[in-house]
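Trainee: First the structure, then my questions, so here it is.
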Amino acid sequence: MPAVQDAQHPGGVVRRGSAPPISDSSNRRTTRNHLGVLTLLLTLLGCAGADRGINPALTPGARNGGYGLAEINASGGRPDLLIFVAFSGGGKRSAAFGHGALRGMRDVPVTLGGPPSTLLAEVDQVAGVSGGSFTAAHYALYGEQSFETFPRDFLHRDLAAYVWGTYILPWQWGWLVDPAVGTNDRMTEVYDDLMFRGATFRELMARGRPRLSINATDLASGSAFPFLPHAFDVICSDLGRFSVARAVAASNGFPLLFTPITLANHRGPNCDAPLPVNLSVMPMLAEYNRRRLVDVVARMADRDRTPWIHLLDGGISDNLALRATLNFAILGGTDEPDFASLVRPVRRILMISVDGQSATDPALSRQRMVNGLVQIFDAVSGGQIDNYNLETLAVTAAEVERMVGRQRENRCQHAPAIDGWPCEDVQGLLVHVSLADHPDPALRSRLRRVPTGLTLPDDDVDLLVAAGETVIRGNRAIAGFLGADGSVPAPRPVRAAHR
């Protein structure tokens, strides 16, 4: 078993040792004293934690503004580009691979008929789920400083020791006696101490681009829940005052290991924040998803029916972190007049899915018996996630095409030419990059078998980061889409182009 870390004393380690013999009476007195101290400690922990973590309500008459995608796109970078980057789940393996992809984006030139720039400088939104949420949140909060500090803050830390400490260290057992405190409250404190240092979404809003979308799963509906303004408007909660670390803890809340992060629903007579539901005509492909999302929003907007929202690992509903972005588009966010006006200069829409996927284990078919619970769980959940990912990518590709069509209409209804470009000159592309795209077969095979835990050997972490850089730098689809001639390669909706 690894050494057990204490979040309040990160250097503290609990080790086994020996002691001289003690009499029975002394043992009994010592035990009683220890139990008394432990009972008092647990009681104090329970009282101290009873109200912590409750999401704040919106001020009556207010809404969550200033952090919309159109506002972010208009606040800097090239106005003709709209770029989304989504980081998949997969523990520290995906976090390291995604961090490498960000590093590689610094070296991908953007010369699309305008002043030269880089892919990284033009990213408008980063989304993350589960392990990928650490990468997305850290970069959104710290920018390029993240390249220097993220390895130290997260990638090379033994996070599993803190998980063990939640269950083993008695002074972390407040969750045993207080139903309002869970194991993920403890991990929120750990992530805050190590990485986010008390940051809230207000600080992210002040930084501007790129916008951050951290995605969890609503336990009651099984749908993706994004920590974005339109979702918090539904429950009349102030996103600006919400903890970044707590959002990441919700997204990384692995079932059974961690308890849900719970949000209070503040909607009521004093809240009139708008609901993100646009009942305009949608294409048939999106109709089922649209109706389901409308039902989810209606359920969350009814406080009597849904006074609490319980959030677990985002990988349950969408391990690619693309569904929440799709939901925003399907619900009408990209069709609203204000959005259309602000993004009218956009003529290139690029969505990059960075997937730190694992490999399936073909050795299972050569075994007579499979008894390991971890082995069975990895195989079943991994197979389900892989199958669901294919569907998500196909639906996302179709939604990108719909966005392109809507943007052409938006531009051409305004003028035949905008900023010197024909109004119909709009293109979109979904690119999916993963460890499977690495050109070295041996290294590719090794890295795809790295486990999904929160602690990895430093050598594996460094190889994963380097792999992310290699895959992004060598992707021809991205390079062609952002090239000087503005050419667009044939769409590859499910797989990214290889080098």
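Trainee: Identify, from the list GLY113, GLY90, GLY68, the residue that is modelled with pLDDT under 95 and under 27 Å from GLY198 (Cβ atoms).
Mentor: None of the others qualify; the one that does is GLY68.
Trainee: Considering only region 173-190, state which residues are at pLDDT 70 or above and in a helix (DSSP H, G or I).
Mentor: Within region 173-190, GLY174, LEU176, VAL177, THR183, ASN184, ASP185, ARG186, MET187, THR188, GLU189, VAL190 meet the criteria.
Trainee: Which of the numbered conditions does ARG157 fail, given that it passes all the others? Conditions: (1) more than 20 Å from the chain's Cα centre (by Cα); (2) in a loop (DSSP other than H, G, I, E, B); (3) farther than 30 Å from PRO276 by Cβ.
Mentor: The single condition ARG157 does not satisfy is (1).
Trainee: Which condition number does GLY65 fail, the rest of (1) surrounded by fewer than 24 Cβ atoms within 10 Å (Cβ to Cβ); (2) farther than 23 Å from ASP233 by Cα; (3) touching a residue at least 40 places away in the same chain (Cβ under 8 Å) being met?
Mentor: That leaves (2) as the condition not met.
Trainee: Only one residue in ILE168, ILE235, ILE214 is touching a residue at least 24 places away in the same chain (Cβ under 8 Å) and more than 23 Å from LEU322 (Cα to Cα). Which one?
Mentor: Answer to the selection: ILE168.
Trainee: ARG368 is checked against (1) part of a loop (DSSP other than H, G, I, E, B); (2) under 26 Å from ASP218 (Cβ atoms); (3) of a type in the set (D, E, K, R); (4) modelled with pLDDT under 60 and fails just one. What number does that condition carry?
Mentor: ARG368 satisfies every listed condition except (2).
Trainee: Looking for something assigned to a helix (DSSP H, G or I), open to solvent by 10 Å² or more (accessible area, probe 1.4 Å) and more than 14 Å from ALA245 (Cα to Cα) - is there at least one such residue anywhere in region 198-205?
Mentor: yes
Trainee: Kindly establish whether ALA95 is assigned to a helix (DSSP H, G or I), small (Gly, Ala, Ser), at pLDDT 95 or above and in contact with a strand residue (DSSP E or B) (Cβ under 6 Å, 6 or more places away or on another chain).
Mentor: no
Trainee: Of all residues in region 211-223 being small (Gly, Ala, Ser) and farther than 29 Å from PRO269 by Cβ, which is surrounded by the fewest Cβ atoms within 10 Å (Cβ to Cβ)?
Mentor: Within region 211-223, the match that is surrounded by the fewest Cβ atoms within 10 Å (Cβ to Cβ) is GLY222.
Trainee: Another question about this same structure. What is the one condition in (1) open to solvent by less than 10 Å² (accessible area, probe 1.4 Å); (2) closer than 25 Å to ARG207 by Cβ; (3) in contact with a strand residue (DSSP E or B) (Cβ under 8 Å, 6 or more places away or on another chain) that ARG246 does not satisfy?
Mentor: Tallying (1) open to solvent by less than 10 Å² (accessible area, probe 1.4 Å); (2) closer than 25 Å to ARG207 by Cβ; (3) in contact with a strand residue (DSSP E or B) (Cβ under 8 Å, 6 or more places away or on another chain), ARG246 fails exactly one: (1).
Trainee: Now for a separate question. Tell me, please, whether a residue that is in a helix (DSSP H, G or I), under 24 Å from PRO115 (Cα atoms) and either open to solvent by 70 Å² or more (accessible area, probe 1.4 Å) or out of contact with any Lys or Arg (no Cβ under 9 Å at 6 or more places or on another chain) (or both) can be found in region 386-407.
Mentor: yes
The values are calculated or read from the model by the stated rules, or taken from the named source; none is laboratory data. The shown structure was predicted, so the numbers you read here are calculated from the model rather than taken from an experiment. Positions of Cβ are backbone-derived with ideal geometry, glycine not excepted, and every protein chain shown enters the neighbour counts. Remember, those area values only see protein heavy atoms, side chains included, never the ligands or the DNA or RNA. Shrake-Rupley method; radii C 1.70, N 1.55, O 1.52, S 1.80 Å.
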